[in-house]
Structure formats: C-alpha cells, structure tokens
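Step one of this worksheet: look at the structure below.
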Amino acid sequence: MNDFAAFTPFAKGQKAKTAKGSNCVIYSRVSTPDQMNNLSLETQQKACREYAVKNNYSVLQEFGSTHESAKTDERKEFKRMLAFVKKSQPKVSFVIVYSLDRFSRNEHAILLTSELRGKYNVEVVSVTQPMDTSNAAGQMQQRLVCVFNQFENELRRGKVVAGMTEMLLRGDWPMRPPLGYDSVNLNGRRAIVVNEKGRILRNAFFWKLEGWSYESIKHRLAASGISLCHQRVAAILRNPFYAGVLSHGLLEGQLIKGNHEPLVPKEIFLRVNGLLQQNTHGFSVQEENDHIPLKRFLICGKCGKPLRGYIVQKKQIHYYKCCTRGCGTNRSARHLNQWFAELLESFTLNHGRELIQLIRQQAIATFNQFTKTYDDAYQLLCDRYTDIKKKIARLEERFIEEEINADLYNRYSQKFADERTEIERQLSASGRVSNLEECVQLAVDFAVNLPKRWLLADYATRQRLQFLIFPEGIHYDRETDKCRTGRINFVFLYLAYLQQIAIKKESGVPALQLDYAAFALSVARRGIEPLLPE
C-alpha cells in the first residue's frame, strides 16, 4: 500500500495532461465578399483537409467558409468554432487554419492561443507556418507571428485610413453610399447617383416640413415600398449626405462638399433639422406630446421661427416658446390650445343636413368654375413633367452605360432636376384636384363638430388637421396676443364663407382678422350664382 495514499486530498498542482488525440476542426475565412468569388476559400479548405489527412487527424467539423474580418473577434463563425471546441472537450485537440492571420490579426490572438493551449489542451496549427508549439521555443515563434500579423494589420489600416481621408477631403465618399444612392462605374471612375428609392426618400424631407411625424412618414414610405423603422427615418433626415455634404469621423470635425448629387437642397435640409434639433435652453422636449399639438405649427411673429413646446416640471404646465435667442415669445399651451379650438368654430358646420348638403354642392360648383380655365395649362404641365422624367431616366441610363462622361451627366442632371422641381411646384400650386368631390366631402365631414374632433384626436392627427386647414401654419404675436396666417385651405375657407352667407354672419374669422371682403369680391368677379336660398 502506498504510504502517501491517505494524503491524496492534500496534493497540489494538476496532473500532467494526457497526450493529444487526433480530432480536429478546420477554420477558414476571407476578409471581403469579393474574395469569396475567387479560389481563396477553396485553397484554404483543400490545404487544411490535406494537412489533416497527412497527419491522420479526424475532422469533426469545418467552420468559416465565409467572409469575416480578423480585426475583431466578434465573428459569428469564429465564435461558433470556439464554442464548439470548448464544449467538445476533451474530444478536440487541434484547430487547423491555413495561416495564423486567418485565425486572428488583433492583440487578442496570443491570449486566445494561450487559453486554448493551457485551459483546453488545444493547439492552433497553421498549415503554411509549421512550428512545434509543444515547447517554449515553438510557442514563442507562434506569438511572434501573431504580433507581426497585428503590426501588419495596423500598417494596412493606417494606409487605408489615409486613403479614405484623402478621398473624403476631395469630396468622394469612400464607403458604401446610404439608402437612396447607388455606386456605379463611369468611364473607369466610381460615381454615386440617386436611385429610385432616393427619389421616394426625397419626399420624406418635404413631409417633415409639412409637420408629419416620424411615424407618419414611416407609414407613407412603407406605402411607397420602403420599409424603415422609426429611428431609421430620423437618422435619414439628419444625415447631411442627402444635402450633398460629407461628414465623417476621419474628417475631425470638418464638413466637405460632396461630389455626389444632393437629394434635397441645403436650405430644405437645414429647415428640416431646424425643426428637429433639440433646443439649447435646457428644456425637456418630446417629439409627440398631446399637450402641445401646436408645436412647429405656430410661428413666432417676431423672427418667423416655429415655436417649440416644453414643460415646467415643478408646476407641470406646458408652454410654447420661440427658441431664438432674445426673442422672448412664450405663452401657455393651455391658452393657445383653447384659442385654436375657438378658431376652429369659424370653420364648423353645425347646421341641418339639407343646408350642409347645399354648402357641399356650392363648394364643388364654385371650385370647378374656378379651375375650368386652368385645365389646358394643367395638362401642359403634366405633359412637361412626363417628358422631363423620361429625360432624367434616359440621362441616368446613358451615364450607367458609359455613353456620357461625369461632367455631362452632372451638368444636365442638375438642369433636369431644377426643371422637374419647378414643374412640381407649379403643379402643386395649380389648384387642380383629381378627386374634388371626395375632397369636399372629407372637408365637410371634418367641418361637422370640428373643434371636438381636434380636441379628441391624437398628436399626429391634430398636426395633420392643422396643416390641412392652414398649410403655412399660423403666426403668433406675443405682444399683441394676435394671430394671422398667409394661407387657408380653399375648401375650408369657402365652406366658412358659405356658412357666413347662410346664417347672415357679419364677421368672418375674428381670431385671424379675416372678414371675407376680398374673398367675396373674388367670387363675385367670377360670376358665381349661389345655390343657397336667401
């Protein structure tokens, strides 16, 4: 009997590890998707399999066979391989790679190989860099190779960063372009052009200017075939790339004019982000708050900037405020919300069904007579719009097929884009409505008990209703506590005018100092015979 058998529980240290087995796993990878199209992966896999056969190793599983950067160990296949090796102990004895830089090229390579060797008795074996890691000299040689791989990686990164910075400084975007753009080859040079999705995304900026919420814009884009989350919509509207401006961490705070086609003019982008940016006065801001539905709809009478909304936490009272320094426009949200609800009374149809039906018929008849003389001009605009879209499509096709160079493309692209924008402006201002009866009926439906509809609606619906009736918002003067507006939706304005005639109301909209005199003269000049009974 061993004299020390009873002392076994007091022994220190670990027993010598058993001899390695013959099971292994294979890991292969390339750095980019382009390398997957050549024979790099096949070469790695073939060499690793031949090495396993030559040394009588049994391959339990192969990992990788895809593109993963070795700059970080946050790689799906790499992590899956490590998890398999650790979980399968002591079955796995070797990880076979084509070369050590296929395993890892960062500072953690030495730690990983040491952990696998010391904790799991697994060696990382390189087919093209044979070394005996069973002794200190071989392990040091492996570490030196890992260090050199990291050094080489840092050198390469430095060159890539310098090249990317140079591209950015001359206005060229070195990465994949954002949504709405395509990267194409033109005469041997890379060019970034707006695609069909970009033309749809352009609308999002104008929708935001009209007061639409992120959520509403998301749904409208989805209806056009572009599915984005709420946060992605916000990120797009804040990305200066769409205004033709390059912003990148490598530029160290600089902004560079890009060589690509802007999706929207700089002025539009700045206006959108002037509405979206957080205020600088320390208030807590919520994008959608039912207590301040007139936010961004009311406009400061002094400086012309949209009013923001905030809450005084101690009193739990909401306010509208102009954030222009020194302006001082500030008013209780409760006061202005109540004022707006009273304002809507002027556009409310609270009469009998027969009278409302007569108002509806008169509105349709008047609108048709107003726009009758513009039909030919409107059709001409539509024809011009169709023609310019064909020209733009043809120009892009010739650009992609390298029939024209970048200078010609940029020159005519901007020219056609400006012409298209001008036609779109004329079309939107033409007053033409394709579904007039539905539009008037919608207005009539809303005009029945309008204040209550507004008060009970959610934030997004209120904003839509506000801008529907007053497309340019309402200017508020804090000193006089009065409001004015430059434009009222024609249908709602005419409904209010007809109501004034029907009930023989003397004033029009007192809250806006509107008496309908000019409007009535305009109607009279056109010779409209009212359908309403006297």
**Study point:** Cα→Cβ-extended label distance, 7 Å offset, between SER183 and CYS229, nm
**Key:** 2.4
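If r is the Cβ-Cβ distance from GLU397 to ILE200 and R0 is 22 Å, what FRET efficiency results, to the nearest 0.05? If you can, show how the numbers build up before the last one.
On the way: r = 19 Å, r/R0 = 0.86.
The calculated FRET efficiency here is 0.70.
Please compute the length gained on full extension between SER247 and ASN135, using 0.36 nm multiplied by the number of residues separating them and subtracting their Cα-Cα distance. Please report the intermediate quantities before stating the final value.
Details: separation 112, 0.36 × 112 = 40.32 nm, distance 5.17 nm.
Additional length available on full extension: 35.1 nm.
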Exercise for review: Show me 477-488, 171-182 ranked by packing, highest mean number of other Cβ atoms within 10 Å first.
Suggested key: 171-182, 477-488
Check your understanding: Using θ = phi - 60° and the Karplus curve 6.51 cos²θ - 1.76 cosθ + 1.60, what whole-Hz ³J(HN,Hα) does each residue of the range 217-222 get, with Gly and Pro shown as x?
Key -> 5, 4, 5, 5, 5, 4
Point to revise | Segment GLU479-LYS305, extension gain: residue separation times 0.36 nm, minus the distance between their alpha carbons | key: 61.0 nm
Exercise for review: Quickly work out the ARG190-to-LYS452 label distance, labels modelled 7 Å from Cα along the C-beta direction, and quote it in nm with one decimal.
Suggested key: 6.2
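Computed from the coordinates by the stated procedures, all read-outs in this text should not be read as laboratory data. Everything numeric in this text was worked out from a predicted model, so none of it was measured. Neighbour counts run over all protein chains shown; Cβ positions are idealised from the backbone, glycine included.
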